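Here is the structure we will look at, set down as structure tokens.
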Amino acid sequence: MSVRPDAPRQGTAEPSPRPPGSQREWRDAALALVAALDQRGLVASPYGHGAVRATNPDGEPDPDNPLGQLMHPGMRQEVRCRPYGPAGELWWHWVWSGPTRDAEPELEPLCPLWEADVAADRIHRVLALIETSDR
């Protein structure tokens, strides 16, 4: 369960003093998301202003295979924290490559910033390796 930094502190009715969209707010949310992803077996790290990169280590090419390293980027997903909706609340957004090599990446809303478990579950599903049988 995630707790917003502006939620009332235990035993008080006052929210903690953090302006919406502050660097600390997204950084705290990014660290919560990284921890939730780690619990699901993914490797993640925050970077830049409002972004998290997640990797499924089981989807990485064999380090002893130079061609595999060159041709297979592994199983990775980036999400970014950006305003969304009429109120401009901070949300995590999927980052998808644009239609051309030079295009800006496309952002798709994922979930509100402080729903780290929801975001982690969805990212985990995207990066999952599912074994199937030939039966």
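None of the figures in this text is laboratory data; all of them are computed from the coordinates on show. Nothing here was measured: the structure is a model prediction, and the numbers come from that model. Cβ coordinates were reconstructed from backbone atoms using ideal geometry, including for glycine residues, and neighbour counts include every protein chain displayed.
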Note: ILE130 to LEU107 extended length (0.36 nm per residue) minus current alpha-carbon separation gives 5.7 nm
Once ALA35 and LEU67 are pulled to full extension, the length gained, defined as 0.36 nm per residue separation minus their Cα-Cα distance, is 8.3 nm
Placing each pseudo-label 7 Å from Cα in the direction of the beta carbon, ARG27 and VAL43 end up separated by a distance in nanometres of 2.4 nm
With N residues in segment 28-126, Rg(alpha-carbon) / (2.2 N^0.38 Å) equals 1.15
